[in-house]
Structures are given as C-alpha cells and as structure tokens.
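To keep things clear, I will list the structure first and then write my remarks on it.
The values are calculated or read from the model by the stated rules, or taken from the named source; none is laboratory data. Treat the numbers as computed from the prediction; the structure is a model and nothing was measured. Ideal geometry is used to build each Cβ from the backbone, glycine not excepted, and the neighbour counts take in all protein chains shown.
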There are 2 protein chains.
Amino acid sequence: MLIVQKYGGTSVGDLERIENVARRVARTKDEGNDLIVVVSAMSGETNKLIEYAHHFSKNPSPREMDLLLSAGERVTSALLAIALKEMGYDAIALTGRQAGIVTDDVHTSARIENIHTETMQNHVGAGRIVVVAGFQGITDKGDVSTLGRGGSDLSAVAIAGAMDADLCEIYTDVDGVYTTDPRIERRAQKIDRISYDEMLEFASMGAKVLQNRSVELAKKLNVNLVTRSSFNDNEGTLITKEENIMEQPIVSGVALDKNQARITLRNIKDEPGIAAKIFSKLADENINVDMIIQNVGQDGTANIGFTVPENELEHAKRVVEEVDDTAVIEYESNIAKVSLVGVGMKSHSGVAGTAFSALAKENINIEMISTSEIKISMIVSEKYGELAVRILHEAYGLDNRS
Amino acid sequence: MLIVQKYGGTSVGDLERIENVARRVARTKDEGNDLIVVVSAMSGETNKLIEYAHHFSKNPSPREMDLLLSAGERVTSALLAIALKEMGYDAIALTGRQAGIVTDDVHTSARIENIHTETMQNHVGAGRIVVVAGFQGITDKGDVSTLGRGGSDLSAVAIAGAMDADLCEIYTDVDGVYTTDPRIERRAQKIDRISYDEMLEFASMGAKVLQNRSVELAKKLNVNLVTRSSFNDNEGTLITKEENIMEQPIVSGVALDKNQARITLRNIKDEPGIAAKIFSKLADENINVDMIIQNVGQDGTANIGFTVPENELEHAKRVVEEVDDTAVIEYESNIAKVSLVGVGMKSHSGVAGTAFSALAKENINIEMISTSEIKISMIVSEKYGELAVRILHEAYGLDNRS
C-alpha cells in the first residue's frame, strides 16, 4: 500500500514527540508499505512567527508572510528525516517546492493548482520514506506560498490524490469522529466509517477534527481519509465515499452548536424582493446566514427569522437595520442548534418524527427547523442544548452502535 | 552607489535590533543608494536548530541539516522586508535560491559556484531594497545548501562581486580592525584602510572580525569590503586592494596568539626525507603546522621545531611519535606568537631590527622567528605576550597614527 500520513502541530510538538512519530512511521514502513509523511510546524512555532511579523506591521506583506511562515514546516521535515535516517531508514525531506506542489499566487491562502509528482515518485520507487513540509507550495513565479490554516491537511490530501495513494491518515490528538461530543454524552461512540458528505456536515457544525476544505478535496480526489490519534494505537475514523460504507445507520451523529444567534423581523415592508435584498446585503458583508424561516404575518406583511454566528450578530444587526428601518426586529442569542446527520436519512422516511417526539416528551420546544437530504437541524433554547443532544443520541440508538 | 550590507546574528538578535537595522537600511536608501541587504539568522537560532538535530543524531544527514539550518536566515529576511515595507519602502525578501545563488553539493560547507543576478538586478533596477537570506544557496539538483560558518559574509561578498557593487559593508558588533587588541593596549587605533593581504594575515592570527574565506573572496572579486558596527555610526575599516591605500604604514598592526604550542625534535633519524615524512603525515591528519625551524644538531643529526594550535598538540604528539620513535621530543605550550603585519615591509628594510631591539631592551627572549613578505612572527614566553604587544605597538608608532 502507498500511505500518506500527516502529523499535526501537537503530534510533532517537541523533540520527544517527533521521535514518537518517527517510530510510528518506521512501523508503517516495516509493515511493507510505501510512505509519504507530511508534517506541520512544531506547535506554537507558526504563532510565534506571526507575532514576530505583527511586531513590525499590522498588515504584513502576504508574500513575505509566506516566506516567514513556511520556515516551521521545513524544520520539522528535516528533523523527522534526520531521526528516521538515524534509525536506519532511507528517508528524504522535501520542501513544498521540491515535492512539486504548485499553487496560485494568493499568498497566505493559496490553492494547490498542480502537483508534479516525479520527484516523490522516484524517491518512493527507490524505497525511500519521503517527508514533505506541509502547508506550503510554490507559485509559478517561484515565490513560496502557504495554504492557510489547516494547510498541512490539504497538502496531505492533495499529495494522496496526485500519487493515487491507498490511504491518507491525518494524525491529531483526538481518536477520530464521534457520534457526538464525548464531553456532552460520555456514551458517545467513535464512528468507524463515515461518508464525505456526512463529515462535511459534521465539520460545518463545529466538529474540529478536520477542516471542510480538506474533506471537500478528499471527496473530489476520491481519497480515503483516516483521522486518528498519534498518541495511541486506536483505529481512527475512515472518511470515504458512500458506496464504501456497508451498513448505513440512519443517523450517524448528533452535533451541538451554541454559538448561534437568531434575528427575527416582523412586519417587514410589503415590497417585492425585500427578503432577497436583506440576504444579499448580508452575503456582501460576509455574514454567514445559516437557517432561514419565512412566513406570512399579519396584514399580508412577512415575518422572517434567520440565524447567524453569535460573533457576527452585531454586524448583522447593523446591516438589517440599514436595509429595513420600519420592521420590528428581535434578537436572541441564547439559542443552540442541535443537528442530526446521516446519509441513511435519504432512504428512510419519518426520521424527523423520532426527534420531534423525543424532545416533546421532555418538554423541549423546537423553535426553528431546517432539513437537508442528510441533516436535520433544530433550534432550541440554549439551556436545553446538551440535554437535547443526549436525548437524541439515545433516541437514534447511537449509544450502542458497535 | 550600489551597496551590499550584511548584518550578522547579533545585529539582528531580536525584534528591536531588526528594527534598528531597518532604520539604518532606510537611511542608506534615503542617501540615494541602491541596496542589497544580506541577513544572518537571529543569534542563537542556528545553534538551537543544530541542538535539535543532535537530539536525533550525532551525524545528521548533511542534506537535511542544510534544509534545517537555512530556516533561520529566511525568517530574518522576511521580517526585515516586512519592517521596511511598513516604513514605506519598497522591499522584497529573497531566499538564496531566489537570489540565484548556486553552489556545489558539498552540504553544510558548500562553495558558491555561480550567481544568476537577473532577479536581483530587476528588483534593484525597480528601486526596490532587496533583502537576501544569507548563508544559503541551492545546488544544481535543487537541494538547499549552506555555506558553513561565516557563510552570510560569503553570500554578501559574492553578491557584491556578481552585482559589481561599489561597497560591501559587513556589520557586526565591533567597530572595525584595530592596530592591536584594545583589551591588551588601550591606545590601539582603529585602522581606516587595510589591504586584503594584511587582513588575511590578521584574520589567520585570530582577529575575529572576518573569516579568511570572505576576505579571500573579496580579494579575488575585487570587492571593497567595510567592516563596521551596527550599534553606532562610527566609520569602519575599509579592506581593499593595496593600490587604493595612499599612505602605507610600515607596520599596520600587531597581533597576539596565545593558543600555540611548540614541538621540538632533537637528534632525529639521519634519514633522507624524514622531515618531509613528519610534515606530510601531520598534514594528512589535518593538523595545522604554523612556524617551522630546522637546523643541524650535534653529530650531523637535525633538530626541528614547529608550532601547532594548542588544542591539536595531543594529536600532533601521537603523529610525531609514530613517525620517529628515536628522536628526543620536547613539548612547550606556554608560548605566545606575536606578529607584525604591514605591506610597507615590502619596501622597507630593517623592519625586523626595530622589533628585535625593542624586545631585547625589555629582556624578552625571542624563541623562534618566521618572516614573510608582509609579516614578522615571533615566539616568546607566554607570560611576556601582552607586554611584547604593547612594546611593539609603541615601537612602530601605532599609538598615534591618526
């Protein structure tokens, strides 16, 4: 098998941890696999460099920021290759440029455009362990570029795709994806397999294991992605295409997002396109509107309710008041969004009913509902958020999946 | 004028010092000069990275060491460019590769083979301040290489040569080259101008302002080199070709080297080529033999005396005893070498006489003498070393040159 392994900042946080990573890499090699390892900067290094830059400028030049920030991953890749060679393994460290990673020139958040795989292919072909500095590439002008937060994951997924790897393992400090946050429901189970689309819904709901950009890229390139911990030997969660998952549970997991706020507009102007005007203005201002509910109010005027991230509420308020200064506007930030995710919903009807009756039984009022093909989201009062998660976790049998 | 400025590790030792450097660079630009700035890593950074590598391996792979060690200069170059841009100057940071510095592939002590100046030329032509990460280049295979200790000086001199710069200023924490060590003779004077050859003699005698490699390269490329302090505005010392120095003093300076040891062999084998055998064996073992005196002893046997660096004495002992186990061998490490350097010696006779009589007057015995066209070195007892320096400094009128 050709495996791409990616180790994040905490996994290579100090010299002992890099040694641990070297041992894990060596073991994977000993098992007969070909191996490309993508590494992040040692944790804290990138933030230190950002602080340095901000000492000189509030808006440091992006091109120079990239040159600066790329240093950390280079250090880790060199150190890991040195450690592996000392253990008797043939290893070589490659920078983003040397690994053939070409990006556009949007410095500090560049997109990978192409990977010239010849160098990696030659080294892998020669039996060498290839260690690649993550998070970075090179523009066609020859400038160093970086991929933004979570960039090393993107490096790993893109390399796995370009090299047609069998597996892309993302190592962090958590075991994988859980049916819900184990801090809320201690009976939460690790999920063995989950589809890209489900993972995307989880990530957008705040499950911080993987960023959506990486999952989207994995989906696009059809990369089998595994998220697992570098601190133990537990098997992680495989994120793969739907067809690879034999038994589709109706609901895969329950997520909670308490950082939502709701804006309700009553008696808004009786004017065609006023709603469109509000939402396009919010979009212009980069405010993320999540759930929207619209219905007809008294006297033919409309009512609109929608949610935004709590920290964008003030900004959203200003925008809304500008567009319509006659509407009655209400704000509510003590709300929580509870979401059920599962590809099994596609082929099952009545999934929502279970949720509604389980919550009703405990007298939890559902204030807003929105559904997609694989997700049902409900807004409840913030104080009932955790309780709702536990009720739904049990209602869909997630406590005893395995 | 096109000026290349190089700032060493202590000059960019922290963020405040980098800011100072930015102000000095800005001032040079404001004076109407074109400018290329070569920077070292922040002091301590390179040693930290070396320690990291040695955590994993006593003999880390040189190729990976270069990738590792090149990180520090990249950070400084990016930060300085960011600082300059914030001050309103057009600046760009370039890595060794981007600056077009091509080296051989002797990793960790590579030699510059070629500099492709187009990129630098374009940026300088556009009025931009070019900030180059020192100490590093790229091999023709595309691997990162470093130039060894003092490598940033080499980068600066090589760039000055390739760009045909008017001046190459090397900034450190000392004011320049002095007629002797001011800690020994407080009346020591800073030298305004000195020839490459004199500087080479000074450097090999332990004046640590510049490494010989840099001075040799400056001589070869005919680069006007200035060494000065980044912590004040004093003019430094110009190191240039002999013709550029109007008034040639007979003696430019006096140097002291207390880290010498002498080996004396008496009654060595009466065998042709035995001396050659000893010295070629010492050379094979990389022992630096400095002064050699040979004369005929009793019974037609020869006596040979020579000096080696004190820390190579043990090694030299073993070598000598292996080659000739019948000779009487004496060791002496309580010696000091006092040297007079001056291109003026070439055209003046009787220079040595002044030294001999000045030392004799104070009853300092000269144990060995060696002379070259521009240098006279004398071995005296270690306890008289400083005194001899002060006597000679006065005897040649160095106290009141200016």
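Of note:
Matching residues to (1) basic (Lys, Arg); (2) not assigned by TED's automatic domain parsing to the domain that holds residue A:384:
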| residue | (1), (2) |
| --- | --- |
| A:184 | no, yes |
| A:203 | no, yes |
| A:213 | yes, yes |
| A:217 | no, yes |
| A:224 | no, yes |
| A:227 | no, yes |
| A:243 | no, yes |
| A:266 | yes, no |
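- Test: residue A:110 is farther than 15 Å from residue A:130 by Cα and away from every other protein chain (no Cβ under 13 Å): yes
- Only one entry of A:218, A:165, A:158 meets the criterion of being of a type in the set (Gly, Ala, Ser) and closer than 30 Å to residue B:99 by Cβ, and that entry is A:158.
- Residue, farthest from the other protein chains (Cβ to nearest Cβ), within the stretch A:34-45, restricted to residues that are among the small types (Gly, Ala, Ser) and surrounded by 24 or more Cβ atoms within 10 Å (Cβ to Cβ): A:40
- For the stretch A:74-92, the condition holds for at least one residue, the condition being that it is closer than 22 Å to residue B:92 by Cα, at the interface with chain B (Cβ under 10 Å from one of its Cβ atoms) and in a helix (DSSP H, G or I).
- Residue B:131 touching a residue at least 40 places away in the same chain (Cβ under 8 Å), in contact with a helix residue (DSSP H, G or I) (Cβ under 8 Å, 6 or more places away or on another chain) and assigned to a helix (DSSP H, G or I): no
- When B:129, B:101, B:112 are checked against the criterion of being β-branched (Val, Ile, Thr), buried (at least 24 other Cβ atoms within 10 Å of the Cβ), over 13 Å from residue B:36 (Cα atoms) and assigned by TED's automatic domain parsing to the domain that holds residue B:6, a single residue qualifies: B:101.
- Screening residue B:99 against (1) more than 10 Å from chain A (Cβ to nearest Cβ); (2) within 21 Å of the chain's Cα centre (by Cα) leaves a single unmet condition, (2).
- Within the option set B:64, B:113, being in a helix (DSSP H, G or I) and among the acidic types (Asp, Glu) holds for one residue only, B:64.
- So residue A:27, is it away from every other protein chain (no Cβ under 14 Å) and without any contact (Cβ under 8 Å) to a residue 24 or more places away in the chain: yes
- Some residue of the stretch B:119-126 being of a type in the set (Ser, Thr, Tyr), modelled with pLDDT of 95 or more and over 22 Å from the mean Cα position of the chain (by Cα): yes
- So residue A:100, is it at pLDDT 95 or above and either within 30 Å of residue A:386 (Cβ to Cβ) or not polar (S, T, N, Q) (or both): yes
- Test: residue in the stretch A:25-33 that is part of a helix (DSSP H, G or I) and crowded, with 22+ Cβ neighbours inside 10 Å: yes
- Number of residues in the stretch B:26-44 that are closer than 21 Å to residue B:10 by Cα and out of contact with any Leu (no Cβ under 9 Å at 6 or more places or on another chain) equals 5.
- From B:151, B:96, residue being free of Cβ contacts under 8 Å to residues at least 40 places away in the same chain and surrounded by 24 or more Cβ atoms within 10 Å (Cβ to Cβ): B:151
- Selected residue (only one of A:358, A:316, A:352 is buried (at least 21 other Cβ atoms within 10 Å of the Cβ) and among the small types (Gly, Ala, Ser)): A:316
Yes/no matrix, rows are residues, columns are (1) within 10 Å of chain B (Cβ to nearest Cβ); (2) buried (at least 19 other Cβ atoms within 10 Å of the Cβ); (3) not in a helix (DSSP H, G or I):
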| residue | (1), (2), (3) |
| --- | --- |
| A:18 | yes, yes, no |
| A:23 | no, no, no |
| A:47 | no, no, no |
| A:50 | no, no, no |
| A:54 | yes, no, no |
| A:60 | yes, yes, yes |
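- Given (1) crowded, with 24+ Cβ neighbours inside 10 Å; (2) away from every other protein chain (no Cβ under 12 Å), number of the condition residue B:117 does not satisfy: (1)
- When each of B:371, B:307, B:326 is tested for being under 28 Å from residue B:269 (Cβ atoms) and either assigned to a strand (DSSP E or B) or of a type in the set (Gly, Ala, Ser) (or both), the lone residue that passes is B:307.
- Filter pass, residue A:161 being in contact with a Gly (Cβ under 6 Å, 6 or more places away or on another chain), farther than 25 Å from residue B:95 by Cα and outside any strand (DSSP E or B): no
- Residues (of a type in the set (A, V, I, L, M) and more than 27 Å from the chain's Cα centre (by Cα)) located in the stretch A:54-80: A:78, A:79
Residues are listed down the side, and each one gets a yes or a no for (1) touching a strand residue (DSSP E or B) at 6+ places or on another chain (Cβ under 6 Å); (2) closer than 30 Å to residue B:63 by Cα; (3) assigned by TED's automatic domain parsing to the domain that holds residue B:45:
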residue	(1), (2), (3)
B:149	no, yes, yes
B:154	no, yes, yes
B:158	yes, yes, yes
B:166	yes, no, yes
B:188	yes, no, no
B:191	yes, no, no
B:194	yes, no, no
